[in-house]
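Everything below concerns the one structure shown next.
Each value in this text was obtained by applying a stated rule to the coordinates, not by laboratory testing. No experiment lies behind these values; they were computed from the predicted model shown. We place every Cβ from the backbone using ideal geometry, glycine too, and count neighbours over all the protein chains shown.
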2 protein chains.
Amino acid sequence: MRQKMSDMVHKIQDEICEKLIEIDGVKYRQDEWTRQEGGGGRSRVFSGGKVFEKAGVNVSVVHGTLSSEAASSMSGGRNLEGTDLDFFATGISLVLHPHNPMAPTVHANYRYFERGDGKKKGSWWFGGGADLTPSYLFDDDVKHFHEVYKNICDRHDIADYRNFKKWCDDYFFVKHRGERRGVGGIFFDDINDLSKEECFSFVKDCAKSFLVSYIPILERRKDMSYTSKQKEWQQIRRGRYVEFNLVYDRGTTFGLNTNGRIESILMSLPLTARWEYCHEVDSNSDEYKLIKVLQEPRNWLEL
Amino acid sequence: MRQKMSDMVHKIQDEICEKLIEIDGVKYRQDEWTRQEGGGGRSRVFSGGKVFEKAGVNVSVVHGTLSSEAASSMSGGRNLEGTDLDFFATGISLVLHPHNPMAPTVHANYRYFERGDGKKKGSWWFGGGADLTPSYLFDDDVKHFHEVYKNICDRHDIADYRNFKKWCDDYFFVKHRGERRGVGGIFFDDINDLSKEECFSFVKDCAKSFLVSYIPILERRKDMSYTSKQKEWQQIRRGRYVEFNLVYDRGTTFGLNTNGRIESILMSLPLTARWEYCHEVDSNSDEYKLIKVLQEPRNWLEL
């Protein structure tokens, strides 16, 4: 499964980047890096293109020994010793921040993890998800995005859209703001109820559907006109994105704790962000419509 | 001491803000806020002025019961129960971010804390410090800043400049970047070795000297010419400032954990910041000179 998952994420990285080159009109910068403690990765970052302010698509395959700090942040990871602290992790992680404030930021991540022997229950799992972070709300965009992932969940016994949708809303909660980072999607972790093959099949289906879930939205929004006020609002929302990633995101914390490549971990941050003291929005504005939905997530599909 | 410290920080807030109005050409926005669990504060934030991109000077007087989470993040704070979890805290906190990339950001904070009865050893302490964060290094500025605080330390038995200077370099270490946030100053916490009066006298001396430590530097730098490349470098350094504050800063964490007023806690963040993937600087540039000193702090005074 180590090889199978690693092959899959590399292939998906190629597919996604090929499409992004076509849209953005520039090639990515690629960095292949190795980690002193074992393994490495291949980071690809777009900047200066037509469509994206900054966009990164990273894969990594790392292994080594978990610090007890890193281990105890995981389920079942407390009080482990010796070879039980060995780990292997491979995955793909992407974040795309478009220039146009009408086009949402998107994030997706799929990972396979082994701790210890990788054979017995609890020593391997999959995790991942995809979520959308708009600055302006277009219901059709959000519905489309959720629909793609609901349809995938419906095809796999291991997956439950309702549960994974709620998990996403809960995970991306920015407690100190009382709002979610975005309008969600799906999120799941520690998935190991059925066989490795069945879990892999679900995760692969999700990863392969990324372009279908996002590109139609991007195509609709990337060339819309906007005002400087709307661009400023996007920058304020970028600031909230930074707050979530640096204060709460477990992937970021895990990367910082395991001596990951810092530029690859923090490629998720936007190119620019803004913090205005006591910024307020009118209660009948488009900006307010977004905030409402971040405070009270909606069910986007008729279920 | 509760009243005395609270009076002092309010008076210093007035003095500092008066001077900032004179320099910045605008008045601050003031927000008086109360905290549901007890106490409140007075936030003053400058924006849109001639000199500062964003500048905040806050005082607060808060009390209540610590969550065990918040308590255990403090020294001696584990396994406390009942009235030992009562707390009182008052202090002043300021962060000034100038427009001009040649003028450094400055931060200062002085606080008095009681946990439990506030009488026995370990149930009260003072903390604080002041530190400078330039985008471009001017040795004379840094020497002046350190000198002011060294002279204060020399006047008070409770204070030790060498120790507090090192404490500052250690506290503002951004581990994942291998660099300090800035060029330091002094930092101290849990100060309670001598009497409350002696500690207070030191802290008051520091707070009263803030303008002397910073304004001469600002005056020299605020009207210097600069290029758009230098402004961009400042924005990248602002990004690092955000990283420290959101990932490591104990004041921010304490605020988020104790349900503080979010806009006052995060007023320390710059108006705008930038994250460029794999940004690099020439090894004989002014930017590199700064990075070197953040990686290997210097002794600024002949000791």
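Could you tell me the calculated FRET efficiency between residue A:250 and residue A:194, based on Cβ-Cβ distance and R0 = 35 angstrom, to the nearest 0.05?
Working from the Cβ atoms, E equals 0.90.
Under the convention of a label 7 Å out along Cα→Cβ, give the distances in nm from residue A:22 to the same position in every other copy, shortest first.
Computed spacing set for this position: 6.5 nm.
Projected onto the charge dipole of chain A (+1 at Lys/Arg Cβ, -1 at Asp/Glu Cβ, origin at the Cα centre), which of A:100, A:110, A:210 gives the Cα projection farthest towards the positive end?
Positive-end residue among those listed: A:100.
Of the peptides A:61-68, B:267-274, how do they stack up when ordered by the mean number of other Cβ atoms within 10 Å, highest first?
B:267-274, A:61-68
Per residue of A:255-265, what is the mean number of Cβ atoms on other protein chains within 10 angstrom of that residue's Cβ?
Mean partner shielding for this stretch: 2.
Over all Cα pairs of the stretch A:189-303, how is the pair count split among 5 Å bins, expressed in % and running from 0 up to the last occupied bin?
Taking every Cα pair in the stretch A:189-303, the percentages come to 2, 8, 11, 13, 19, 19, 14, 8, 4, 2, 0.
So if a site counts as exposed when it's one of the GluC sites (Glu not before Pro), its DSSP state isn't H, G, I, E or B, and it has at most 15 other Cβ atoms within 10 Å, what's the longest stretch of chain B without one?
Free of exposed loop sites, the longest segment is B:82-279.
Quick one: among B:175, B:204, B:165, which has the greatest mean-square fluctuation in a GNM of chain B with alpha-carbon springs under 10 angstrom?
Maximum fluctuation in the GNM of chain B, among the listed residues, is at B:175.
To the nearest 500 deg cm²/dmol, what mean residue ellipticity at 222 nm is calculated for chain B from DSSP H runs of n ≥ 4 alone, each contributing -39,500 (n - 2.57), summed and divided by the residues?
-12500 deg cm²/dmol
Could you size up the charge dipole of chain A around its Cα centre, putting +1 on the beta carbon of Lys and Arg and -1 on that of Asp and Glu, and report it in debye to the nearest 20?
With Lys and Arg at +1 and Asp and Glu at -1, about 300 debye.
Please list, in chain and number order, the residues 5+ apart from residue A:105 or on another chain whose amide H is under 5 Å from its amide H, with Hs placed from the backbone.
Hits under the 5 Å cutoff: A:133, A:135.
Averaged across the residues of B:166-178, what count of C-beta atoms belonging to other chains lies within 10 Å of each residue's C-beta?
1
In the stretch B:2-295, if the dipole is taken from +1 on Lys/Arg beta carbons and -1 on Asp/Glu beta carbons about the Cα centre, which of B:269, B:159, B:182 is farthest to the positive end?
Projecting each Cα onto the dipole axis, the largest value belongs to B:269.
Tell me the distances, shortest first, between residue B:296 and the same position across the other copies, using label points 7 Å along Cα→Cβ, in nm to one decimal.
In ascending order, 6.0 nm.
Considering only the label points, 7 Å along Cα→Cβ from Cα, what distances in nm to one decimal separate residue A:198 from the same position in each other copy, shortest first?
Output for residue A:198: 7.1 nm, nearest copy listed first.
Could you work out the relative contact order of chain B, using alpha carbon pairs under 8 angstrom and six or more residues apart, expressed as a whole percent?
Reported relative contact order: 17 percent.
Pairs A:4/A:204; A:54/A:222; A:143/A:289; A:19/A:208: which are spaced more than 19 Å apart, C-alpha to C-alpha?
Flagged as over cut-off: nothing, all pairs pass.
So what are the ³J(HN,Hα) numbers for the stretch B:8-20, from phi and the Karplus equation (6.51, -1.76, 1.60; θ = phi - 60°), rounded to whole Hz, Gly and Pro as x?
Whole-Hz 3J(HN,Hα) from phi for the stretch B:8-20: 4, 5, 5, 5, 5, 4, 4, 4, 5, 5, 4, 5, 5.
Between residue A:184 and residues 5 or more places away or on another chain, which pairs have amide H atoms under 5 Å apart, with H built 1.01 Å from N, and which residues are they?
Under 5 Å from the amide H of residue A:184 lie the amide H atoms of A:132, each far enough along the sequence or on another chain.
Taking θ as phi - 60°, what are the ³J(HN,Hα) couplings along the stretch A:34-40 by the Karplus curve (6.51, -1.76, 1.60), each to the nearest whole Hz, with x for Gly and Pro?
10, 9, 3, 7, x, x, x
So how far, in whole Å, is the C-alpha centre of the stretch B:74-104 from the one of the stretch A:190-238?
Each part reduced to its Cα centre gives a spacing of 38 Å.
In peptide A:272-282, how many Cβ atoms from other protein chains are near each Cβ within 10 Å, on average?
Average neighbour count from other chains, rounded to a whole number: 6.
Using a 10 angstrom cutoff on alpha carbons, build the Gaussian network for chain B and name the most mobile of B:90, B:105, B:34.
B:34
Suppose we keep just the alpha-carbon trace of the protein assembly as shown; what are its Rg and Dmax in angstrom?
Rg then Dmax for the protein assembly as shown, in Å: 25.2, 74.
Please work out which residue of chain A brings its Cβ closest to the axis of the rotation superposing A onto B, and round that distance to whole Å.
A:246, 2
Calculate the length of the line joining the C-alpha centroid of the stretch A:1-71 to that of the stretch A:156-176, in whole Å.
With the stretch A:1-71 and the stretch A:156-176 each reduced to a Cα centre, they are spaced 24 Å.
Is the shape of the stretch B:2-295 best called rounded, prolate or oblate, per the rule: a/c under 1.5 gives rounded, else a/b larger than b/c gives prolate, else oblate, with a ≥ b ≥ c the square roots of the Cα gyration tensor eigenvalues?
Verdict is prolate for the stretch B:2-295.
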